[in-house]
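Structure, as structure tokens:
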Amino acid sequence: MSIRESIDRAPITAFQFGVVGTCLLILLTEGYDLLIMAFAASSIAAEWSLTGSQIGLLLSAALVGMALGSAFVAPLADRIGRRPQTLGCLTVVAGSMTLASMTGNEIQLGLCRFVTGIGIGGLIATLPVVIAEFSPQRRRATMVAMYISGLPLGGVIGGLVANALLANYSWRASFVVGAILTGILLVVVYFFLPESIDFLLEKRPPRALDSINRTLRKLHLDTVSELPEPVRASGGAVRSAGLKEINWVRTTLLGAAFFVMLAGFYFATSWTPQLLEQSGFSAEQGISGGMLLNLGGAVASFAFSLFAMRFNSQWLTAATLAGSALMFAAMSMSMGTLGIALIAAIAVGGFTNAAAAGLFALAPDCFPASVRSTGVGLVSAIGRLGAIGAPIVAGMLIDLAWSPTSLFLVFAVPLLLGAVFVLAIRVPREPHARATGSETTDRGTAEPERMS
């Protein structure tokens, strides 16, 4: 039995929950760092007399960085390791959040947000891989979905902090808080998070055997006396990592699904507070709407993790994308009444975050270990293009006098297409089969173990 098969068959340990918990804390903090801009936008616009288009560019600056981080920083995890890449990204985020609090104009702030996004993009693409590689196959979607709940929870915290700090200090204080929280996590990761066994088996860095055995002991599994033989392709040559390991049809469909999902997600999280304010509600009520949107997302992400234990995550993800489109339409029709609008915001946050949880849970299963961070980073980067464009396009349409109602309807349509893209993906039946040298087949229907 291979090491990977032993992990897949063993019960989940406290150590594995600790890894997921650490990654959850990272995403929670980075969710705060990313989404705090949406809550501080009104104060920043007032201080520097910015237009809707300028605010849209500021909201998208971090998303541009995230796209580059996902495309070019996340693949470093396949070269230098998941652990050092995570530490490096946290360092970048902590430093850029500190500098953001000292900026004197929108250009300086935009540059700092861009650098923050690079670090966050590298983290968000790599951490699902870390969780997937520490989790047994039967619980992988559940563990990744639990982790995804950290992003909206960070948004809830961001809203609470923004309400408190903006009332007594300036928007700059909220960025200082983000820098401090990220610095604390940097220390936690350094002392707690080990390198993934899958990476150690694939790349075999110095002292790989010692590192693997330390982790196996924490997993309550038998240690090994030597590293297993490298996996060989059918022709007998040792398989090398590279883009040829990627199934491009599957990757294109997955990337398209990420694109429409993240476009809707970041339109809603970035603009909901201001759109509520433009609909006649107060700034505090707009922030409350943004907080409730993220709270709904946190609850839905956790609920998705529970459903993923019984049902096929691919079908669940498609359902949540279709549900997101319906909730966007509902939001567009509720902007005139505060109570209904806040309820709709909860539903919008719930379905979009559940869709995000589903896609990030599905993505690691679509790539072999040798290019897993690269593959997840690639589809995440494609998605970031939608995330970048959505706030900018929304800001331009607002300057053209589009109503909040029309904006939510426009962003509902692509989410329906996303559901179709997800259903068209053929996910490998056994994602680790290539890592153990066995044949990999595709599935077009649900996995039996996740069906009720």
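The values are calculated or read from the model by the stated rules, or taken from the named source; none is laboratory data. Predicted, not measured: the structure shown is a model, and the values here were computed from it. Ideal geometry is used to build each Cβ from the backbone, glycine not excepted, and the neighbour counts take in all protein chains shown.
Here E229, E202 are screened, and the one residue that is assigned to a loop (DSSP other than H, G, I, E, B) and more than 21 Å from the chain's Cα centre (by Cα) is E229. Within the stretch 398-409, the set of residues being of a type in the set (A, V, I, L, M, F, W, C) and either in contact with a Gly (Cβ under 8 Å, 6 or more places away or on another chain) or more than 15 Å from F265 (Cβ to Cβ) (or both) comprises I398, L400, A401, W402, L409.
Step by step: first the residues of the stretch 305-324, then only those that are touching a Phe, Trp or Tyr at 6+ places or on another chain (Cβ under 7 Å) and not hydroxyl-bearing (S, T, Y), then the one that is modelled with the highest pLDDT. Which residue is that? So the residue we want is G323. Selection of first residues in the stretch 165-176 that are in contact (Cβ under 8 Å) with a residue 60 or more places away in the chain and of second residues that are surrounded by 21 or more Cβ atoms within 10 Å (Cβ to Cβ) and assigned to a helix (DSSP H, G or I), restricted to Cβ pairs under 6 Å at least 6 apart or on distinct chains, gives the following pairs, ordered by first then second residue: W171/A40; A173/L165; S174/I36; S174/A40; S174/A162; S174/L165; F175/M97; F175/A100.
Of the helices (runs of 4 or more DSSP H) that lie entirely inside the stretch 331-444, those containing 1 or more residues that are hydroxyl-bearing (S, T, Y) and at pLDDT below 85 span 372-399, 433-436. Scanning the stretch 409-426 for residues that are buried (at least 17 other Cβ atoms within 10 Å of the Cβ), closer than 18 Å to I382 by Cα and hydrophobic (A, V, I, L, M, F, W, C) gives F411, L415, A419, F421, V422, I425.
Of all residues in the stretch 278-324, those that are in contact (Cβ under 8 Å) with a residue 12 or more places away in the chain and either under 23 Å from P136 (Cα atoms) or of a type in the set (A, V, I, L, M) (or both) total 29. Specify the residue that is nearest to V115 (Cα to Cα); the eligible residues are those in the stretch 46-76 that are over 16 Å from the mean Cα position of the chain (by Cα) and among the aliphatic types (A, V, I, L, M). It comes out as A61.
Taking the criterion of being closer than 19 Å to Y190 by Cβ, of a type in the set (V, I, T) and in contact with a Cys (Cβ under 7 Å, 6 or more places away or on another chain), the residues of the stretch 90-145 that qualify are V130, I131.
Each row is one residue, and each column tells you yes or no for (1) among the hydroxyl-bearing types (S, T, Y); (2) closer than 29 Å to T51 by Cα.
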position: V348; (1), (2): no, yes
position: T352; (1), (2): yes, yes
position: A355; (1), (2): no, no
position: S380; (1), (2): yes, no
position: I388; (1), (2): no, yes
position: A394; (1), (2): no, yes
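Could you check how many residues of the stretch 52-103 are in a helix (DSSP H, G or I), β-branched (V, I, T) and surrounded by fewer than 24 Cβ atoms within 10 Å (Cβ to Cβ)?
4
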